[in-house]
Amino acid sequence: MTQYVGQAMPRYDGIGQVTGTTKYVDDIVLPGMLYAKCLRSPVHKGIIRHLDLSAAERTPGVVGVLTAQDVPGQNIYGASGDQPVFNPDHIRYKGERIAAVVAVDEDTCMEALEKVKLEIEEQEPVFDMFEAMKPGAPIVRPGTTHNLHEYMPGMTTRVIKLGDVEQGFAEADLIIEGRYQTTQQDHAPIEPHVSVAYLDPANRLVIHTVSQCLYFHLSQLVRVFGLPMSQIRYIGGTIGGGFGGKNDIHADHVAGLAALKFRKPVKYRETRREDLRYSGKRGVFVMEYKTGVKKDGRLVANHIKEYHDTGAYGGFSAYATEKCGMFASGPYWIPNILVEAKTIYTNKVVSISMRGFAIINGQSTMEIQMGKIAEALGMDPWELRFINAWRDGDMGASRYIVRGAGALEAMKKAAELAGVQLPAHLMAMSSRRR
Amino acid sequence: MKQQVLTFILNGEEVAVLVTPTETLLDVLRERLQITGPKRGCDDGECGACTVLLDGEPVRSCLTLALTVEGRTVTTVEGLMVKGELDRLQKAFYERGAFQCGFCTPGMLMVAKSLLAKNPNPSRDEIRSYMAGNLCRCGSYEEIIEAIQAVAAGEY
Amino acid sequence: MKKKGVGMSCVLHPTGNKGAGDPSQAAIQLKPDGTFALLVGAVDIGQGSNTILRQFAADALGVPIEKILVSNFADDFAPLCLGSFASRVTLIDPHAVVNAVEDLKRRIREWVANEWEANPEDIEFDGETVYLRGDRERRSMTMDQIAAGANFGGGYNPGFLVGTGAWQPAKFHAHDPETGEMPAVGAISFGCCIAEVEVDTETGVVDVTRLVQVWEVGKAVNPLLVRAQINGGLHIGMGYALTESSYPYWPTEDYAPEKLGDYFMPTFLDYPPELIYGIEEVPHPAGVQGAKGFSEGSSNGPPPAIIAAIHDAIGVWIDTYPATPEVILKALEAKKASE
């Protein structure tokens with residue numbers, strides 16, 4: 001028998017990385033390849049009244065332009081199926097794509113984009129999610145009456161409950177409240193978003209992608225292109241970092257549409273500036289906690305109000321809001337939990353997945369609560385965590401059963417490595433039993 | 001724009017290529033010569049993934065106008081291997097896992113090469129300072145420092 | 001004045017999609033020279049999925065790892081993998097690989113049984129040797145021989161020996177609309193982080209001077225890569241805690257960072273001068289050899305540990321991420337005003 005699992009060994013494909021021979025998508029240069037660049041909205045919210053691309057199209061070196069009218073399938077993509085590839089009318093965030101210019105090189109694209117005549121009737125945007133929830137706030141999604149995501153028709157709050165928090169607070173000796181705000185963060189992989197597309201000899205569309213999740217994206221792309229899945233050869237596998245940012249389509253739709261229309265290889269890549277400003281981000285969460293605890297340190301109730309800013313479109317945000325709520329009480333057994341979670345639209349870039357997705361928002365805030373509780377109880381912060389850490393068989397907020405618990409084991413090891421002497425009664429604890 | 005002939009030594013061999021005056025060294029390497037080791041991470045001189053050695057000194061090829069390297073010597077990550085053998089730094093990076101996605105690695109290796117050429121036995125702090133202009137979003141800094149130290153210590 | 005503080009955190013990270021229903025597939029072929037080509041769908045985003053899935057395949061086959069080639073270059077013939085996200089690959093894809101290996105073994109058994117006019121159930125594997133139970137002396141073949149026979153025919157029967165496999169943690173579950181009940185969780189990993197900081201009370205700048213992070217990962221499939229993931233997640237975690245925000249507020253919303261130079265990610269100099277990692281293993285019942293995913297989690301632990309350390313240093317709880325110098329100075333002013 002062999003036992004390779006558990007052995008430290010270098011990366012199977014690592015020689016490519018240290019010799020610079022690993023092929024990333026931007027390394028693909030094909031004969032006769034065209035380039036695309038996008039026209040983006042200069043305003044945060046508004047209605048396109050006039051778009052004239054004729055001067056851009058006449059620029060020497062320009063092969064043509066793309067707008068919403070050039071989308072053979074449906075002009076929507078995104079995890080929530082609500083983002084236009086090219087926005088034809090109602091702009092929801094600054095930097096939204098409106099059209100693309102395709103030319104022999106990127107400089108020509110930029111030159112042509114300067115000649116576009118675009119008139120937008122600017123409207124008042126809303127950026128703050130609490131402002132967005134007020135009556136009379138600017139409406140982010142045209143055709144709706146409010147800015148809250150509906151989990152089911154008419155249901156704007158996702159409730160997750162375990163036990164009875166009111167009873168839990170009645171039993172508590174101490175109640176600690178806290179309100180926390182997390183950051184809007186960019187993925188910033190060193191490899192920017194890029195795509196290369198062309199038609200193969202059988203007239204099938206080939207796309208070289210930086211996607212982290214090919215099948216997720218393929219199902220979105222077939223809708224945009226109006227092609228059966230078998231007519232797309234979606235090729236990827238090795239990328240220059242993703243961190244969740246490449247769970248969103250940034251370039252494949254534009255490159256693919258251009259290749260289909262102009263029947264030549266097309267490369268579309270975002271600049272670092274476009275990525276930092278206009279690509280999806282980790283959305284801001286505001287977390288309001290009310291936590292009840294007994295004098296001996298046992299947590300007995302946790303009431304969490306969660307607000308998640310999804311930006312201008314749905315992205316993965318509703319899912320993220322739910323996932324955050326499921327785990328926002330940390331790795332602790334709390335018999336009474338109530339989560340009330342809302343996902344709110346604003347005129348900002350779309351919130352998408354990012355490393356630690358949704359979980360970091362709950363962990364990074366609940367742990368501040370734990371610090372405050374330890375301080376208020378006059379208890380060692382390690383002891384508070386040891387008392388409450390999950391043991392096998394404990395139950396989490398949405399009634400999942402914890403198996404293979406390991407918080408205590410991780411803490412013991414960390415204390416040892418950090419030179420923290422833990423008392424014997426803590427060292428004797430195990431995740432296998434309470 | 002009018003094209004001019006640029007002649008320089010690339011990884012030990014003389015090359016001549018037609019370029020326009022606005023092209024950067026990175027443009028010429030990647031798009032014209034298909035030397036794709038140096039990466040375009042920001043095109044702004046801030047990530048370091050495009051770093052090459054110009055007459056032995058690390059430069060951001062995205063900030064270097066191509067015509068300024070006329071007659072000079074450029075080394076990219078492709079030029080690190082000698083007679084099919086990995087450079088000691090490449091071996092150390094590979095065996096010690098001093099990269100994850102590998103996109104910043106070509107730049108990291110060139111800066112590290114320059115560091116060891118100037119200072120064969122750098123301290124941990126000297127490594128941190130010298131490498132500080134190169135970003136790694138995967139966060140492999142600690143492993144990179146160790147790989148450089150291991151090479152300096154003669155382990156490779 | 002520079003004030004020192006230390007803080008800790010204990011955090012989790014779940015593996016796989018909430019609600020499950022997130023499958024992966026794999027395929028493995030016995031190549032003509034007796035090696036094995038493993039095809040997986042997982043995207044290698046730098047975490048090393050190709051490397052660890054090869055390790056799992058070698059163990060499942062019981063052959064030297066050098067005999068296994070791995071590719072995730074998916075084109076027309078492509079195993080599905082929902083994606084490299086949610087720290088799901090290390091829990092889910094190894095099952096698909098092991099199932100593919102079992103399928104291949106079944107095919108090999110049938111092929112060899114046909115060759116020997118024996119019952120497939122009597123065919124046994126011993127690493128690279130296949131033999132007939134009870135008659136190993138006379139009836140045994142190596143993978144090379146099987147591969148040559150199946151692929152090139154000749155004196156043997158032709159065959160194309162490929163195994164396929166798939167797996168997902170559970171069928172898809174939705175939340176109950178009233179209670180939010182949703183029990184499907186693949187696995188959960190646990191981390192503990194201890195941060196030491198120095199807060200400059202004049203400038204508000206926080207330096208992380210020492211950081212210890214331990215993750216309980218079920219089974220450390222490849223400790224070299226586990227280490228990279230623990231130390232690496234700190235990059236996004238430190239940025240989240242102290243410097244990174246892409247949302248501007250001054251003078252208007254239009255002034256978002258537009259260059260890496262004004263989006264402040266940690267550099268070599270920002271990483272803690274002393275960085276210690278540790279690995280703990282509690283084998284997970286749902287994982288192959290106890291393995292589960294954790295890699296995103298290493299971003300989760302540092303932010304609250306750093307905030308706790310700042311509290312220890314200056315006596316205020318920061319409640320807004322990132323704790324930029326401005327946030328720190330305002331908190332110090334508010335503290336002074338309230339005293």
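The values are calculated or read from the model by the stated rules, or taken from the named source; none is laboratory data. This structure is a prediction, so every number in the text was calculated from the model and none was measured. With ideal geometry, Cβ positions are generated from the backbone for all residues, glycine too; neighbour counts draw on all protein chains shown. In case anyone asks, the SASA skips ligands and DNA or RNA and just uses the protein heavy atoms, side chains included. Shrake-Rupley method; radii C 1.70, N 1.55, O 1.52, S 1.80 Å.
For the stretch A:146-176, residues that are part of a loop (DSSP other than H, G, I, E, B) and under 25 Å from the mean Cα position of the chain (by Cα) total 9. Taking interchain pairs and intrachain pairs at least six residues apart, which have beta carbon atoms under 8 angstrom, with the first residue in the stretch A:421-434 and open to solvent by 60 Å² or more (accessible area, probe 1.4 Å) and the second not in a loop (DSSP other than H, G, I, E, B)? Note: pairs meeting the criteria are A:Gln421/A:Ala415; A:Met427/A:Lys412.
In summary, C:Phe264 fulfils each of the numbered conditions (1) touching a residue at least 12 places away in the same chain (Cβ under 8 Å); (2) at the interface with another protein chain (Cβ under 9 Å from one of its Cβ atoms) with the single exception of condition (2).
Residues A:Gly64, A:Gly20, A:Gly81: which one is open to solvent by less than 40 Å² (accessible area, probe 1.4 Å), small (Gly, Ala, Ser) and within 14 Å of chain B (Cβ to nearest Cβ)? Unique residue meeting the criteria: A:Gly20. Considering only residues in the stretch A:177-211 that are assigned to a loop (DSSP other than H, G, I, E, B) and among the charged types (D, E, K, R), the one that is most open to solvent (accessible area, probe 1.4 Å) turns out to be A:Arg204. Residues in the stretch B:54-78 that are within 17 Å of B:Thr36 (Cβ to Cβ) and either open to solvent by 60 Å² or more (accessible area, probe 1.4 Å) or not polar (S, T, N, Q) (or both) were compared, and the one that is farthest from the chain's Cα centre (by Cα) is B:Ala66. If you go through the stretch B:129-156 and keep only what is surrounded by fewer than 19 Cβ atoms within 10 Å (Cβ to Cβ), in contact (Cβ under 8 Å) with a residue 12 or more places away in the chain and under 16 Å from the mean Cα position of the chain (by Cα), you end up with just B:Gly133. Looking at C:Glu128, is it outside the structural domain of C:Ala291 (by TED's automatic domain parsing), open to solvent by 30 Å² or more (accessible area, probe 1.4 Å), within 30 Å of the chain's Cα centre (by Cα) and touching a residue at least 12 places away in the same chain (Cβ under 8 Å)? Against the criterion (outside the structural domain of C:Ala291 (by TED's automatic domain parsing), open to solvent by 30 Å² or more (accessible area, probe 1.4 Å), within 30 Å of the chain's Cα centre (by Cα) and touching a residue at least 12 places away in the same chain (Cβ under 8 Å)), C:Glu128 qualifies.
The set of residues in the stretch A:60-103 being part of a loop (DSSP other than H, G, I, E, B) and either in contact with an Asp or Glu (Cβ under 6 Å, 6 or more places away or on another chain) or of a type in the set (Asp, Glu) (or both) consists of A:Asp82, A:Asn87, A:Asp89, A:Glu96.
The residues of the stretch A:124-148 that are within 14 Å of chain C (Cβ to nearest Cβ) and open to solvent by 40 Å² or more (accessible area, probe 1.4 Å), listed by number, are A:Glu124, A:Asp128, A:Glu131. Scanning the stretch C:24-69 for residues that are within 7 Å of another protein chain (Cβ to nearest Cβ), within 30 Å of A:Ala188 (Cα to Cα), touching an Asp or Glu at 6+ places or on another chain (Cβ under 8 Å) and at pLDDT 95 or above turns up C:Asn50, C:Thr51. Among the residues of the stretch A:120-138, those that are under 21 Å from A:Thr321 (Cα atoms) and either part of a loop (DSSP other than H, G, I, E, B) or touching a helix residue (DSSP H, G or I) at 6+ places or on another chain (Cβ under 9 Å) (or both) comprise A:Val126, A:Phe127, A:Asp128, A:Met133, A:Lys134.
In the stretch C:296-330, what count of residues is obtained for those that are touching a residue at least 40 places away in the same chain (Cβ under 8 Å) and more than 8 Å from chain A (Cβ to nearest Cβ)?
Qualifying residue count for the region: 15.
Against the test of being within 36 Å of the chain's Cα centre (by Cα), closer than 14 Å to C:Phe36 by Cβ and open to solvent by 30 Å² or more (accessible area, probe 1.4 Å), the options C:Phe160, C:Phe172 yield a single qualifying residue, C:Phe160. Does any residue of the stretch A:109-119 turn out to be open to solvent by 20 Å² or more (accessible area, probe 1.4 Å), β-branched (Val, Ile, Thr), closer than 23 Å to A:Ser54 by Cα and assigned by TED's automatic domain parsing to the domain that holds A:Asp248? Checked against the condition, which is being open to solvent by 20 Å² or more (accessible area, probe 1.4 Å), β-branched (Val, Ile, Thr), closer than 23 Å to A:Ser54 by Cα and assigned by TED's automatic domain parsing to the domain that holds A:Asp248, the stretch A:109-119 yields at least one hit. Here the stretch A:274-316 is the region considered, the condition is being among the basic types (Lys, Arg) and within 14 Å of the chain's Cα centre (by Cα), and the residue that is farthest from A:Lys37 (Cα to Cα) is A:Arg282.
In the stretch C:223-339, counting only helices (runs of 4 or more DSSP H) that sit wholly within it, none holds 3 or more residues that are open to solvent by 40 Å² or more (accessible area, probe 1.4 Å) and in contact with a His (Cβ under 8 Å, 6 or more places away or on another chain). If the condition is being closer than 30 Å to C:Gly315 by Cβ, more than 8 Å from chain C (Cβ to nearest Cβ) and either assigned to a helix (DSSP H, G or I) or not hydroxyl-bearing (Ser, Thr, Tyr) (or both), then the stretch A:326-365 contributes A:Ala328, A:Ile334, A:Asn361, A:Gly362.
Here B:Asp87 meets the list (1) open to solvent by 20 Å² or more (accessible area, probe 1.4 Å); (2) more than 11 Å from chain A (Cβ to nearest Cβ); (3) in contact with a Lys or Arg (Cβ under 9 Å, 6 or more places away or on another chain) almost entirely, failing just condition (2). When the stretch C:27-74 is limited to residues that are closer than 30 Å to C:Gly154 by Cβ and among the small types (Gly, Ala, Ser), the one that is surrounded by the most Cβ atoms within 10 Å (Cβ to Cβ) turns out to be C:Ala57. Residue count for the stretch B:1-32 satisfying the condition of being more than 14 Å from B:Thr76 (Cβ to Cβ), charged (D, E, K, R) and open to solvent by 50 Å² or more (accessible area, probe 1.4 Å): 2.
Table: residues versus (1) without any contact (Cβ under 8 Å) to a residue 40 or more places away in the chain; (2) within 23 Å of A:Ala36 (Cβ to Cβ).
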residue	(1), (2)
A:Ile139	yes, no
A:Leu162	no, no
A:Tyr198	no, yes
A:Ser211	no, yes
A:His217	yes, yes
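Quick check: is even one residue across the stretch A:219-227 over 25 Å from the mean Cα position of the chain (by Cα) and either of a type in the set (Val, Ile, Thr) or surrounded by fewer than 16 Cβ atoms within 10 Å (Cβ to Cβ) (or both)? Yes: the stretch A:219-227 contains one or more residues that are over 25 Å from the mean Cα position of the chain (by Cα) and either of a type in the set (Val, Ile, Thr) or surrounded by fewer than 16 Cβ atoms within 10 Å (Cβ to Cβ) (or both).
Let me confirm something: among B:Thr64, B:Thr75, B:Thr51, B:Thr68, which residue is touching a strand residue (DSSP E or B) at 6+ places or on another chain (Cβ under 8 Å) and away from chain A (no Cβ under 14 Å)? Answer to the selection: B:Thr64.
From the list A:Tyr35, A:Tyr4, A:Tyr12, the one residue that fits, being in contact with a strand residue (DSSP E or B) (Cβ under 8 Å, 6 or more places away or on another chain) and not assigned by TED's automatic domain parsing to the domain that holds A:Ile239, is A:Tyr12.
Residues of the stretch B:113-128 that are within 18 Å of C:Asp270 (Cα to Cα) and either open to solvent by less than 10 Å² (accessible area, probe 1.4 Å) or in the same structural domain as B:Pro58 (by TED's automatic domain parsing) (or both): B:Ile127 alone.
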